[in-house]
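The values are calculated or read from the model by the stated rules, or taken from the named source; none is laboratory data. As the structure is a prediction and not an experimental result, all values here were calculated from the model. Backbone-built Cβ (ideal geometry, glycine too); neighbour counts: all protein chains shown. In case anyone asks, the SASA skips ligands and DNA or RNA and just uses the protein heavy atoms, side chains included. Shrake-Rupley method; radii C 1.70, N 1.55, O 1.52, S 1.80 Å.
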Amino acid sequence: MRRSDARLRNPKPCVILGLLVPMCSVTALLAPAQHQHDGRMMGRAADVKLDVKDDPAAHVLTVRLGPLHLPAHAGMAVEQAPDLVMTVPFEGWISAYHPRLTDGAGGALPNRLLHHVAFYNTERRDFLCPEKPEHIFGAGGEMNDWPATPGFGYRVHQGDRILIATMFHNETETSYPDTHLEVQIQYQPLVAGDAGLKNVYPTWFDVRSCGRSGYDLTPGENVTTGQFSFGYSGVLIGVGGHMHDYGRQLRLVDTARKQDIAKLEAKLDPRGRIVSVPVVRFTDRGGYRLNQGDVVKVTAIYDNPTGKLLPEGAMGIVVGYFLPDDDRQMAALRKHHGGTSARN
Ligand SMILES: [Cu+2]
C-alpha cells in the first residue's frame, strides 16, 4: 500500500479549455486555469485529497479523490477539486479503468454527480494533437467503464506523472456532502522475459479537432464535423464515444475509402438526457486499418428540443485505441527525454 504524492496544482480556479472525454476533458496543461460554467466562477475545495493504493498481488491501483461537498440544486456552482497529480508506482501496462462514485464509507452514489474526469500523462504528447498532453482516460456522467481488451495495454513507466482533472455537479434535490471518485486501474506489470501487452494509444476524434471540446448548442438540429490526418500507420482496435444531453449520433468516416468506420447511436432517457454511447470493436477483423496520411472525419449530431441556446452544452468525441505498426515512432512523443532516445 502506498500513498501518492498528490498535491494541489494550483489554488486558483481553472478554465475549462474544454476537453473531457468520454468525457469532457479539461485541458489543464498544468497551467493555472479556472472552471467556468454559465458565467459563474466556482471555488476550489482545498481539502480534497488524492489517495493511490497499489495492490501488487491483484495488479490493481485504486485512485480515490475526495471528499467533495455537493449541495442540492447547486448545479456546477460547487467547490471543485484542484487538478491533482499521481505518480505511477509500477513499470508495465494499464489495461482497464473502472470508475465509480462513492460516499466516505464506500457506498455507491449516483454517477451523474460527476461531470467529467480526465487523466493525462504529462510525460507524453498526444499523437493526433501533439500540442496537448496525452489524454489517457476520461469518463463523464454516463460513467464510461473502460474494460480490458485482452492482449493490449497502455505502457506506463514507474514515476510517470498522471494529471487528474475533475469536475462535479449536482442537479438533484439531495445534498451529497461526502462524495468521492474512485477509479480502479487494472494493470499488467513488466516481467523480464515476457513480451507483455501490445502498446495501444488512446485516440480522441473530437468534432472540434484539436481545439477546446465544448461548444454551444443552438435550438434544433446541430451537425458538427472535425477531421484528422493520421501521422502514423496502424489499426484502430475499437471505438466508443462521448456526448452530452440531446446527443443523437457520432459518426467516424474514412474519407479515402468513403466508408463509415463506426456509427454510434447515443442512448437517451425519455427527457433526452444522455445514458450511454455504444462501443464498437474491430478486433474480430484484426482492427480497422489506417495509414499515414489517411484523413478521418468525425461528426456529431444533436437535436436540442429546448428552444434555447445551450452555451457549452455539447461535446462530440469518438475515442478509440490505436495500435501503431511501428511502436518506436511513438517514442518521440515522450517529452524531456529527447525524442529518439526516449523510452517507450
Ligand atoms: Cu463532455
All but one of (1) in contact (Cβ under 8 Å) with a residue 24 or more places away in the chain; (2) more than 19 Å from G316 (Cα to Cα); (3) not in a loop (DSSP other than H, G, I, E, B) hold for L252, so report the exception by its number. (2)
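For the range 259-316, what are the residues that are among the acidic types (D, E), assigned to a strand (DSSP E or B) and either open to solvent by less than 50 Å² (accessible area, probe 1.4 Å) or farther than 28 Å from G151 by Cα (or both)?
Those that are among the acidic types (D, E), assigned to a strand (DSSP E or B) and either open to solvent by less than 50 Å² (accessible area, probe 1.4 Å) or farther than 28 Å from G151 by Cα (or both): D303, E312.
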Among (1) touching a Pro at 6+ places or on another chain (Cβ under 8 Å); (2) open to solvent by 30 Å² or more (accessible area, probe 1.4 Å); (3) among the acidic types (D, E), which single condition is E171 missing? (1)
Listed by first then second residue, the pairs whose first member lies in the range 313-326 and is in contact (Cβ under 8 Å) with a residue 24 or more places away in the chain, whose partner is aromatic (F, W, Y) and within 16 Å of the ligand (Cβ to nearest atom), with beta carbons under 7 Å and at least 6 positions apart or on separate chains, are A314/Y215; A314/Y302; I317/W204; I317/F205; V318/F205; V319/W204
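Among E142, E182, E134, which is away from the ligand (no atom under 16 Å from the Cβ) and open to solvent by 10 Å² or more (accessible area, probe 1.4 Å)?
Going through E142, E182, E134 in turn, the sole match is E182.
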Among the residues of the range 85-131, which ones are within 16 Å of the ligand (Cβ to nearest atom) and either within 14 Å of the chain's Cα centre (by Cα) or part of a strand (DSSP E or B) (or both)? P99, L114, H115, H116, V117, A118, F119, Y120
Out of the residues in the range 202-249 meeting the condition of being within 15 Å of the ligand (Cβ to nearest atom) and among the hydroxyl-bearing types (S, T, Y), tell me which one is surrounded by the most Cβ atoms within 10 Å (Cβ to Cβ). S213
Residue, nearest to the ligand (Cβ to nearest atom), within the range 293-331, restricted to residues that are over 15 Å from V277 (Cβ atoms) and of a type in the set (S, T, Y): T306
